[in-house]
Structures are given as structure tokens and as C-alpha cells.
Amino acid sequence: MLEHELCSSRVLSPFREESGDEELSVLPRHTKVIVTGNNRTKSVLVGLQGVVKKAVGLGGWHWLVLKNGVEVKLQRNALSVLEHPTGNEVDDDHDFDNSSSGSDIGEKDRDF
């Protein structure tokens, strides 16, 4: 019976921030962050600000565009959120994610 109680308390929420596991969640695009660093982070990146371009759940990897225009890949636990996206941001790049499109037929042949 005790095992059942423990398992039921481990239900994963799609909104992990509410459950207190913010450092394990994937940040949405356009989230403004500051690099706090972890053991994989180059020291020159610590303290720089950027915006999330893409993120994946496995490993918590986030692709950022820093204020100086440089793109870097960092883990979620190396980032602190400065500002959450408002939803009014405009995508200024043409980086398509195949998982969000209904069909990828012909996308490889497009010239941008």
C-alpha cells in the first residue's frame, strides 16, 4: 500500500515549473535567459544573456542566440530565466522543425 502512495505522487505534470522542477524543464522558444554555467560550460559564456532558439528534452539541451549574435548549445541546468516569452514574438528565422509541419515532402528542395 505504501508503494502505491509513492507511485501516485510521482505523476509528471506537463507544467514542471509548478511542481518545483524548473531546472529540469525544457524552456520554450523566445525565453530570455542568462548563462549561469555548469561543469560543461566555458567560463567565457557565464554571465552572458541570450534567447532560446530551440530545445530538446533529452539531456536538456538548449540552442541559444546570445546578445552578441553567437549561437551556442547549453544544458538547461546552466541557464537561469530572465523573462518568459509573451507569445507576441515574431520568428525571424526560417529554421523549420519537421515535427511541427504536417508534411515534409519537398522541403529539402527549397531555396531560402
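The values are calculated or read from the model by the stated rules, or taken from the named source; none is laboratory data. All values reported here derive from a predicted model rather than from experimental measurement. So basically every Cβ, Gly included, is an ideal-geometry build from the backbone, and we count neighbours across all protein chains shown. The accessibility values were calculated without ligands, DNA or RNA, using every heavy atom of the protein model including side chains. Shrake-Rupley method; radii C 1.70, N 1.55, O 1.52, S 1.80 Å.
Could you tell me how many cubic angstrom of Cα convex hull volume segment 31-83 has per residue?
66
Suppose each label sits 7 Å from its Cα in the direction of the beta carbon; what would the Leu58-Asn77 distance come out to in nanometres?
1.9
Measuring with a 1.4 Å probe in the full set of protein chains, what accessible area per residue, in whole Å², belongs to segment 31-83? Can you show the working numbers first?
Working: 3040 Å² over 53 residues.
Value returned for segment 31-83: 57 Å² of accessible area per residue.
Quick one: pull the percent of accessible area on segment 31-83 belonging to carbon and sulfur, 1.4 Å probe, ligands and nucleic acids left out.
On the way: 1590 of 3040 Å².
Of the solvent-accessible surface of segment 31-83, carbon and sulfur hold 52 percent.
For Lys32, what accessible surface area do you get with a 1.4 Å probe? Give it in Å², rounded to 10.
Estimated to the nearest 10 Å², Lys32 gives 90 Å².
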